[in-house]
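Data block below; observations after.
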Amino acid sequence: MYNLKEIIQNTSDIRLLYVENNEQARVPTLAVLSEFFTNIVVAVDGKDGVLKYHENKIDLIITDINMPNFDGLDMIEAIGKTNKDIAILMLSAYSDIEYFRRSIQLGVDGYLLKPIDITQFLKLINKIIEKIEIKQELKENLNFLEQYKSIVNQKSMITKTDLTGIITYANDMFCSVSQYTREELIGKEQNIIRHADNPASLFEEIWDTIKVQKQTWKGVLRNRAKDGSTYYVDTIIQPILDSDGNILEYIAMRHNITNVMNSKRKFLDYITTAERPLVVQIKIESFDNLQRYYGFEFSLLVESKLSGMLEAHMPKDLNFEAFFSLDNGNYAFVKDCLKTDDMQSTINGLKEFQKFMNTLHVQINTINYEVAILICASYENNVYENVKYGMKHIVRNKQNFFVTNDIAKEVHKVADRNLKILTKVKEAIENSKIISYFQPIVDSKGVICKYESLVRLLERDGNIMVPLHFLDVAKQGKYYTQITSAVLENSFIALSNINCDVSINLSAIDMENETIRENIYRLLSNYGEQAKRVTFELLEDEDMKDFEVVKTFITKVKSFGVKIAIDDFGAGYSNYERLLDFQPDIIKIDGSLVKNIESSKFSVSIVNSIILFAREQGLSVVAEYVENENIFNILKELGVDYFQGYYFGKPALLDLE
């Protein structure tokens, strides 16, 4: 269900170019579009569309296809020569596959049939809004990057060292804080500023991270200035690599956080010595966005100005004993409470204080900046961890006020549970208890012709754990690759014992992992002709990092005779773009469409369009989540080739007898 009000609000600032030569079609369609878009530029044919596009700042194009004087596709091709990222929706009364294929090649974001189906229109507009927002965010990020580059040397301490740790460059800020001249630093070892209280293990960790692992090290270091005084720096050390992955040098960027560290240390000292500390943490809402959009220097000014306002306006009758301005838009009020203190009255007072503060503005030069604050309070044991995790809870759940005395305990419980799961994963791998269940896939006559391999974890007590309960945890550790390798081995062993095809799920993480790729190539080579009965189901994965690696992998496995299936097809229009790159053999319809097909005409329509498209492309269609005979009959009538679901069989161990 779409939030119409929210969609209209999001589209109001989008500048639309609407191209339609038929006035009888243009007038009613324009009436619909005007409900969503405030800024509409109208063109009467393709040539006019190109002209209007270059005369106006356009975010989205909605165009008919069949038009004189340049049709819609020719117009899009012409515009694409100057802007390949413009959002485009095609609007046509025809469903010609050639139009559809060419529109995909031109990077069109969606296809609407006349008359406009409002449900399909809303779905596509949601996608368009996301695309435009991402484009705008990228533009703003690039602008921020330029601003950041201009001030980094003024606000950051920068050094470069060679492979042995000898300083080769130091900027003015580093010289100022360390109190050494550039001449005193260049050619000296980095440890000229090392503080004696830093443990040797810390520097062993740093060198292992940047030299052995070739990764970025981040952390807080205590340094010693030339006069012997101590200062603290928030540090990032990055190895600079050549195209072959060899380290050329190291660059370090530091921010002097001595004042912040002192404030935080006093804060921690206070709550450690108090008998019954009440801690109220205050955070500037969306502080990261403040820094991103307005720059680091402006955010510091806001922090500083708000600090004074918080102290000035905190009600005196709440009797807070100390106030601390911390880092990253955080502050804290603290007091040592008596057992007789009325906590509910204090909480009510804090809510009134928050309400008042959120009516104020921070005046920075000529700019009135509206600041909203978030508040988290804790007054029992472990108050520091409670407010730390409580503030994360507030941000994650989009709240603004939270009192907690036990969230740290809950966080520790989750951590303990995850560690126990990770232990079970480790034991299962070591004892070959990562097993595969197989769910049958049948043809239209109900005859089993394929099995999908599904991972399971066999616990020590004989219980079976499904991936929902362990796979995400495994991804955080080093065991995910070993789990995938076990599933591959299980699946290929099963292939030797049955006459059916076997489908194996692969994510972007799997395909981008060199170890897994080499393991797959080895298995395909070893199994020879049997490899032609393998299907790899590519899972929807937004975390794909190296698209070219994935495409190369698909091309190589297809050379062994492997079939490629696109899983969860129909969940998003991005799938059509993937078809052009992955050239699959099979489309697997998204289960959400199948589940609702008995009651949803929309699902029937989408499934039918997918089947028609598959037929045109020579692809097979599989429907999963077939739970009963009625769903099976509906899908069979629509022309689905293969079926999977509890109606035909649950995932289970293969009976090889």
Checked against (1) closer than 26 Å to residue 66 by Cα; (2) exposed (fewer than 15 other Cβ atoms within 10 Å of the Cβ); (3) not charged (D, E, K, R), residue 12 satisfies every condition except (1)
Among residues of region 107-120 being modelled with pLDDT under 80 and either in contact with a Gly (Cβ under 9 Å, 6 or more places away or on another chain) or not in a strand (DSSP E or B) (or both), the residue farthest from residue 19 (Cα to Cα) is 119
Filtering region 270-313 down to residues that are of a type in the set (Asp, Glu) and either more than 31 Å from the chain's Cα centre (by Cα) or within 26 Å of residue 338 (Cβ to Cβ) (or both) yields 275, 311
Okay, helices (runs of 4 or more DSSP H) sitting entirely in region 170-215 with 1 or more residues that are touching a strand residue (DSSP E or B) at 6+ places or on another chain (Cβ under 7 Å) and of a type in the set (Val, Ile, Thr), I get 172-178, 200-207
(message) Against the condition more than 28 Å from residue 275 (Cβ to Cβ), in a helix (DSSP H, G or I), aliphatic (A, V, I, L, M) and assigned by TED's automatic domain parsing to the domain that holds residue 268, how does residue 300 come out, does it pass?
(response) yes
Checked region 291-304 for anything more than 18 Å from residue 391 (Cα to Cα), buried (at least 16 other Cβ atoms within 10 Å of the Cβ) and out of contact with any Asp or Glu (no Cβ under 8 Å at 6 or more places or on another chain); matches are 291, 294, 295, 296, 298, 299, 301, 302
Flagged in region 96-109 as over 17 Å from residue 614 (Cα atoms) and touching a Phe, Trp or Tyr at 6+ places or on another chain (Cβ under 8 Å), in numbering order, are 109
Checked pairs for region 318-337, first more than 19 Å from residue 394 (Cβ to Cβ), second buried (at least 17 other Cβ atoms within 10 Å of the Cβ) and among the basic types (Lys, Arg), C-beta under 7 Å and 6 or more apart or across chains, list as 319/335; 320/335; 321/335
Scanning region 298-334 for residues that are modelled with pLDDT of 90 or more and among the charged types (D, E, K, R) gives 311, 316, 317
Here the residues within region 43-96 that are acidic (Asp, Glu) and over 19 Å from residue 23 (Cβ atoms) are 55, 59, 74, 77, 85, 96
Of (1) in contact with a Gly (Cβ under 9 Å, 6 or more places away or on another chain); (2) of a type outside the set (Gly, Ala, Ser); (3) farther than 18 Å from residue 238 by Cβ, residue 214 fails just (3)
When region 354-398 is checked residue by residue, the ones that are small (Gly, Ala, Ser) and within 19 Å of residue 335 (Cβ to Cβ) are 377, 378, 390
So, first residue farther than 17 Å from residue 624 by Cβ in region 571-596, second residue modelled with pLDDT of 90 or more and among the small types (Gly, Ala, Ser), Cβ within less than 6 Å, six or more apart or across chains; the pairs are none
Given (1) touching a Lys or Arg at 6+ places or on another chain (Cβ under 6 Å); (2) surrounded by fewer than 15 Cβ atoms within 10 Å (Cβ to Cβ), residue 276 misses just (1)
Q) When you look at residue 289, is it without any contact (Cβ under 8 Å) to a residue 60 or more places away in the chain and not assigned by TED's automatic domain parsing to the domain that holds residue 328, yes or no? A) no
Scanning region 359-388 residue by residue, those buried (at least 20 other Cβ atoms within 10 Å of the Cβ) and over 24 Å from residue 298 (Cα atoms) turn out to be 376, 377, 378, 379, 383, 386, 387
*Is it true that residue 396 is surrounded by fewer than 17 Cβ atoms within 10 Å (Cβ to Cβ), under 25 Å from residue 372 (Cβ atoms) and of a type in the set (Lys, Arg)?*
yes
The lone condition residue 540 fails out of (1) out of contact with any strand residue (DSSP E or B) (no Cβ under 7 Å at 6 or more places or on another chain); (2) modelled with pLDDT under 90; (3) not β-branched (Val, Ile, Thr) is (1)
Only one of 58, 97, 40 is β-branched (Val, Ile, Thr), over 29 Å from the mean Cα position of the chain (by Cα) and modelled with pLDDT of 85 or more, namely 40
If we keep only residues of region 328-344 that are within 39 Å of the chain's Cα centre (by Cα) and surrounded by 16 or more Cβ atoms within 10 Å (Cβ to Cβ), then the residue farthest from residue 378 (Cα to Cα) is 329
With the first residue restricted to region 57-79 and required to be touching a residue at least 60 places away in the same chain (Cβ under 8 Å) and under 20 Å from residue 112 (Cα atoms), and the second required to be of a type in the set (S, T, N, Q) and part of a strand (DSSP E or B), Cβ contacts under 9 Å at 6 or more apart or on different chains are 59/39
Within region 625-644, restricting to residues that are touching a residue at least 60 places away in the same chain (Cβ under 8 Å) and not hydrophobic (A, V, I, L, M, F, W, C), the one that is surrounded by the most Cβ atoms within 10 Å (Cβ to Cβ) is 644
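The values are calculated or read from the model by the stated rules, or taken from the named source; none is laboratory data. Worth saying up front: this structure is predicted, and the values here are computed from it rather than measured. Glycine gets a Cβ as well: all are built from the backbone with ideal geometry, and neighbour counts include every protein chain shown.
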